[in-house]
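The values are calculated or read from the model by the stated rules, or taken from the named source; none is laboratory data. In this text, all values refer to a predicted model and were calculated from it rather than measured experimentally. We place every Cβ from the backbone using ideal geometry, glycine too, and count neighbours over all the protein chains shown. Each accessible area value is taken on the protein alone, full model and side chains, heavy atoms only, with ligands, DNA and RNA left out. Shrake-Rupley method; radii C 1.70, N 1.55, O 1.52, S 1.80 Å.
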Amino acid sequence: MALTRRQRELMEFLTGFIEKHGYNPSYDEIAAGLGLASLATVHKHIQALEAKQYLRRNYNHSRSLEVGERYIAEEKARKPLAEGAVPLLGRIAAGAPVEAIANRDELHFSDFMGNAETFALEVRGESMIDDHICSGDFVLVEKGSSAHNGDIVVALLDNSEATLKRYYSEPDGRVRLQPANAAMAPIFVDPADLQIQGRVLAVMRKY
């Protein structure tokens with residue numbers, strides 16, 4: 001349900017008016033701002049935008065229009081990454097594997113820019129604590145499908161579960177995903193059931 005040109009103009013006018021004045025415009029102000037002679041036309045566009053969930057109306061207030069979450073999310077997704085930022089794609093398990101979830105956000109790692117194939121993940125779990133990677137930390141990852149023994153990698157198991165571990169090739173042909181926690185056992189997998197998504201470059205911790 002893409003916006004028409006006029007609907008997008010109305011949304012841009014609405015967001016610009018709120019940013020400038022700190023309150024919502026009236027229908028008369030919308031008509032004047034868009035050069036519309038008829039309030040009926042304003043009503044028609046507002047009804048269409050409400051049906052598409054791009055705005056909401058509070059029927060108990062005279063200035064009733066509010067920007068909808070859908071419009072906010074789409075505008076955020078359309079904006080390019082800021083200079084010195086990498087996409088934050090989701091969370092990664094540092095314990096038992098969890099379902100891989102992707103979402104759009106960003107972290108700034110100016111010192112590591114220059115490689116377009118980098119992304120960030122937030123760590124969940126305690127399996128890498130002996131390598132000083134704790135739950136709540138962020139790891140900066142370089143995309144790649146291969147790894148050397150000892151690399152800390154993002155490993156995707158069975159195309160659905162992602163985990164953060166050290167990579168080792170075993171003599172019997174299996175891959176050992178080794179936690180950095182003496183209380184946890186390694187994960188042994190067949191290479192056919194494993195996809196290396198990238199190699200950890202750095203860790204960032206917020207206090």
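General remarks:
- Scanning the range 14-29 for residues that are free of Cβ contacts under 8 Å to residues at least 12 places away in the same chain and open to solvent by 50 Å² or more (accessible area, probe 1.4 Å) returns 19, 20, 21, 22, 28.
Listed here are the residues, each with its yes/no results for (1) more than 19 Å from residue 90 (Cβ to Cβ); (2) surrounded by fewer than 21 Cβ atoms within 10 Å (Cβ to Cβ); (3) at pLDDT below 90; (4) of a type in the set (S, T, N, Q).
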{"residue": "114", "(1), (2), (3), (4)": "yes, yes, yes, no"}
{"residue": "127", "(1), (2), (3), (4)": "no, no, no, yes"}
{"residue": "131", "(1), (2), (3), (4)": "yes, yes, no, no"}
{"residue": "136", "(1), (2), (3), (4)": "no, yes, no, no"}
{"residue": "139", "(1), (2), (3), (4)": "no, no, no, no"}
{"residue": "146", "(1), (2), (3), (4)": "yes, yes, no, yes"}
{"residue": "153", "(1), (2), (3), (4)": "no, no, no, no"}
{"residue": "156", "(1), (2), (3), (4)": "no, yes, no, no"}
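- Restricted to the range 35-85, and to residues there that are open to solvent by 60 Å² or more (accessible area, probe 1.4 Å) and of a type in the set (S, T, N, Q), the residue that is modelled with the highest pLDDT is 47.
- Selection within the range 16-48 - closer than 13 Å to residue 66 by Cα and part of a loop (DSSP other than H, G, I, E, B): 22, 23, 24, 25, 26
- Pairs with Cβ under 7 Å, 6+ apart, first in the range 158-172 and within 19 Å of residue 127 (Cα to Cα), second open to solvent by 60 Å² or more (accessible area, probe 1.4 Å) and in a loop (DSSP other than H, G, I, E, B): 167/149; 168/149
- Residues that are under 25 Å from residue 138 (Cβ atoms) and either free of Cβ contacts under 8 Å to residues at least 24 places away in the same chain or touching a His at 6+ places or on another chain (Cβ under 7 Å) (or both), drawn from the range 178-202: 178, 183, 186
- The range 158-177, residues that are surrounded by fewer than 19 Cβ atoms within 10 Å (Cβ to Cβ) and part of a strand (DSSP E or B): 161, 168, 169, 176
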